[in-house]
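Only one structure is covered here, and it is reproduced in the block below.
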Protein chains: 2
Amino acid sequence: MTNWGSLQLPDGEIALDEQTRAEYGANDYTQEITTKVLPDAVIFASSIADVQATVKFAAANQIAVVPQGAKTSIVNSAAGLAGSVVLNLSRMNKILAIEPENQVAIVQPGVLNGDLDTQARQVGYFYAPDPGSKPISSIGGNIATNAGGMSSLKYGTTKQSVLGLKVVLANGEVVTFGGKTFKNNTAYDLTDLMIGSEGTLGVIVEATVRLLPVPLGQPVTGLATFPTIHELMQAVQAVQASGVNPSMLEILNRVSIEALDEYEGSHLGSHGEQALLVFQIDVAAADALSTVEQVLHTYGATKIDVTEDQQRTSEIIKIRQDIFAAGAQYGRLIVEDVAVPLGQLAKVADKAEELASKYDQRLLLLGHAGDGNLHPDIILEDKDGALPEETQRFIDELLAFVIEVKGTVSAEHGIGSLKNAWVPKQLDASVRILQKQIKQVFDPLGILNPGRKI
Amino acid sequence: MTNWGSLQLPDGEIALDEQTRAEYGANDYTQEITTKVLPDAVIFASSIADVQATVKFAAANQIAVVPQGAKTSIVNSAAGLAGSVVLNLSRMNKILAIEPENQVAIVQPGVLNGDLDTQARQVGYFYAPDPGSKPISSIGGNIATNAGGMSSLKYGTTKQSVLGLKVVLANGEVVTFGGKTFKNNTAYDLTDLMIGSEGTLGVIVEATVRLLPVPLGQPVTGLATFPTIHELMQAVQAVQASGVNPSMLEILNRVSIEALDEYEGSHLGSHGEQALLVFQIDVAAADALSTVEQVLHTYGATKIDVTEDQQRTSEIIKIRQDIFAAGAQYGRLIVEDVAVPLGQLAKVADKAEELASKYDQRLLLLGHAGDGNLHPDIILEDKDGALPEETQRFIDELLAFVIEVKGTVSAEHGIGSLKNAWVPKQLDASVRILQKQIKQVFDPLGILNPGRKI
């Protein structure tokens, strides 16, 4: 029996009751398809010292530690493990500094992405990474999974916005990687190594992130309709080749359009529209819009609707933002996340539709297509229970195809435990050995989020 | 005695003669201030198999291997070590593929940066990283040092352009990290870990790099004159905050202006001009230019000269490109490379000028100021010999100050052996231990470029 009484938290709290363990042990977004287990305890850390005390206690008692942010993982990265302690960081939610003169912010890991962005905008800056979970996911979790989003197209994933990290290592020590400079060549880049490591190498307790000035001028936002998803994918590739450098290129298939119309009472698909593009150009460049319109028409766009009006811009972007809720209105969504070489986009979209038809799956095909990043999500009407066999087959064949065309089975959501089985299919054995050795360097006792990521 | 006869190179050549060992053992850009040593052999690799054979032989014989590209290091990263074999990769200089549909190129490590860029532009793309050594440095070396350049301001350092790597490990095995996708979250990011590791973790034998479409429209390029370097630095910071997102913001101090005028017969400084800004805006955005002009005037610009003409654009950019040659006309340049938080730019520039004056050094102060990256270079009239004591003091006090304001002693040139002594002053002891452990994972025998970087 673990003697929890000997764990001294300077500022935080420990919960041992079943209700809290059940609530924080479960991962909201994957609980239906992962085995439910109760962690032994949940720690609510309020300070770096709490994190250090927890990790040291876990090391001394050989207990697994699951770092947890805002509980929005969709690959089971942060749910409790049997016999583990869940280390919840959501109370460490202070923006410690916003420094416009350095174009950086310093934040605790529990700060929500949307909150940081809102604060930054008040001084003329923005925080670029914008995962779909932006209003509800935390910066710490975004860093742990190298989260992307719509703006990755122009501004990169979370990695491109993180300059420095404070990390509690598996021995309880706090270390600092990187800093406030935009370039840094002094050391092996351990900041980047931490990003996307899903809590398996250390616990992120502070981050220095880059803020960008809000671009000059009014963005142009548009909606374009295509006769087929294939043509839309070709259009995306052509826009990416045009030199316009748009800040958003989001695609939606017919199922997505129908789900949105039903959810919002809109009429996006009332004339049988098969595929939709949401795009934005965030610099008021002279020829950018006419170039994009010309490319879209060349690749079969039947209707293009553009605006600089703020109200209408919000409406168009809301289409994309609401797609998960629109899909989930029917039951639940099984969210996939792949990236492929840009030239394979149309082929992979076709394959996804073909497999959906073959296995009779309701496929919500959407994604950050300009990055080659697709979310082929399946709508299931049963809210609970294991994955239907046909759904599993859809996923298995699709991911195998993605690997075949040199894509990746995780683009921006991570591996967690849900995708662990796919890693050996994508990575060489020798790369996996190196990864295990790096894990061993950072976490010799194997207490940090074991079984996830690698 | 090493039995070189037992080293079988399938495609390459070995040179054991003193002349070749002297030529490739020396590092052109730092030889005057590093101890000259002869490596035992120089291998000219023509294939991955050659690299594997060399590394396996070195491992079996416990010989150090120094991977070497185009010999343009300025921190002594790739000169021969006593008892080592120099593994020169310059013959592996093929562009294996340019794939516009995927926006990638696949290259051997010896391909010169400028050659790749030229080839890419023929199909409407460009390779963004543009170190000052662009025409003469290799992609492999650029990756090994995470090279920057003028365009890092908008497009990031080399890291942002590298998607995948083939690497020969210290045991001779070839592994692949990353691939052709723009996002990839499957593994710990070993691609990024390799970038900037200066040949100490493996030998880069192939790279998949991202190409960007040439931006739409004619870039606007400009020259602006300032009464003081301090005001210029404030102007740079203000332009960076304006939301314009320029693609170039390069600064030059009075000594630089004088050197250029003498070298080129130009008249940049004939009215006593103290500080010069070279800038470029590569999207034809409506308000971008007027915004930049307004900001520059606010911060004291006395003259602004802008152009869209290609010939004049080349002339302006040549000013910046020629500055190293202009400085070197007097003897030699001791090149420094630091980055500081953006808000510290003016303070660090002032400090550099103050120290130059204190120690009577001729300071060529230039740099990619929008990135917070300065090159405070010293002109020495003696072409050879050890660093004068006063020059060393200038460097020591300046780097100490850079660390004090939370900057970094290497921004884009690497650490090599020349800056090794500064690493412990900048990094925590615990970070250095982690680095050594990672080195141990990749290179347990310690044969890869020992004594460099860490």
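Here are some notes:
- Magnitude of the charge dipole, chain A, Cβ model with Lys/Arg +1 and Asp/Glu -1, debye to 20: 1320
- Label-point spacing for B:GLU397 across the identical copies (point 7 Å from Cα in the Cβ direction), in nm and ascending order: 7.4.
- Each copy carries B:SER290; placing its label point 7 Å along the C-beta direction from Cα gives inter-copy distances of 2.0 nm, listed from smallest up.
- P(r) weight above 18 Å for segment B:4-88, C-alpha pairs, percent: 36
- Between B:LYS406 and B:VAL123, the contour length at 0.36 nm per residue exceeds the Cα-Cα span by 97.7 nm.
- Of the peptides A:229-238, A:405-414, the ranking by mean beta-carbon count within 10 Å, highest at the top, reads A:405-414, A:229-238.
- Using 0.36 nm per residue and subtracting the Cα-Cα separation, the extra length available between A:ALA82 and A:HIS271 on full extension is 62.9 nm.
- For segment B:310-428: rounded, prolate or oblate by the Cα gyration tensor [a/c cutoff 1.5]: oblate
- Computed over segment B:1-152, the percent of Cα pairs more than 19 Å apart is 55.
- Legend: mean number of C-beta atoms from other chains within 10 angstrom of residue C-beta atoms, peptide A:148-155, equals 1.
- Summing charges over all other residues whose Cβ lies under 11 Å from the Cβ of B:ASN449, with Lys and Arg as +1 and Asp and Glu as -1, gives +1.
- With a simple spin-label model that places each label point 7 Å from the Cα along the Cα-to-Cβ direction, the separation between A:ASP382 and B:GLN218 comes to 6.6 nm.
- Cβ-based net charge around A:GLN234, under 12 Å, with every Lys or Arg adding one and every Asp or Glu removing one: -2
- Multiplying the residue separation of A:ASP350 and A:ARG393 by 0.36 nm and subtracting their alpha-carbon distance yields 13.8 nm.
- Average partner coverage of B:360-369, which counts Cβ from other chains inside 10 Å: 0
- Mean Cβ count within 10 Å, highest first, over the residues of peptides B:294-301, B:20-27: B:20-27, B:294-301
- Of B:LYS36/B:LYS94; A:LYS166/B:LYS425; B:LYS154/B:LYS439, pairs whose Cα-Cα distance is over 26 Å: B:LYS36/B:LYS94; B:LYS154/B:LYS439
- Take the Cα of B:VAL37, step 7 Å toward its Cβ, do the same at B:LEU16, and the gap between the two points is 2.1 nm.
- With the charge dipole of segment B:177-332 set up from +1 on Lys and Arg Cβ and -1 on Asp and Glu Cβ about the Cα centre, the Cα lying farthest toward the positive end among the listed residues B:GLN311, B:VAL203, B:VAL214 is that of B:VAL203.
- CD proxy at 222 nm, helix term only [per DSSP H run n ≥ 4: -39500 (n - 2.57); per residue of chain A; nearest 500]: -9500 deg cm²/dmol
- Sum of side-chain charges, A:ASP428 neighbourhood, beta-carbon under 15 Å (Lys, Arg +1; Asp, Glu -1): +3
- For the protein assembly as shown, convex hull volume per residue from C-alpha positions, Å³: 157
- Averaged over A:188-198, number of beta-carbon atoms from partner chains that fall within 10 Å: 6
- Annotation for A:GLU18, label-to-label distances across the other copies: 8.6 nm (shortest first, one decimal, point 7 Å from Cα along Cα→Cβ).
- When peptides A:213-224, B:103-114 are ranked by their average number of other Cβ atoms within 10 Å per residue, the highest-first order is B:103-114, A:213-224.
- Pairs spanning more than 26 Å between alpha-carbon atoms, out of A:LYS71/B:LYS159; A:LYS453/B:LYS436; A:LYS180/B:LYS183; A:LYS183/B:LYS453; B:LYS71/B:LYS347; A:LYS303/B:LYS183: A:LYS71/B:LYS159; B:LYS71/B:LYS347; A:LYS303/B:LYS183.
- The shape of chain A comes out prolate: with a ≥ b ≥ c from the C-alpha gyration tensor, a/c is at least 1.5 and a/b beats b/c.
Read-outs: derived from the displayed coordinates by stated rules, not from any lab. All of these numbers come straight from a predicted model, not from anything done at the bench. Cβ coordinates were reconstructed from backbone atoms using ideal geometry, including for glycine residues, and neighbour counts include every protein chain displayed.
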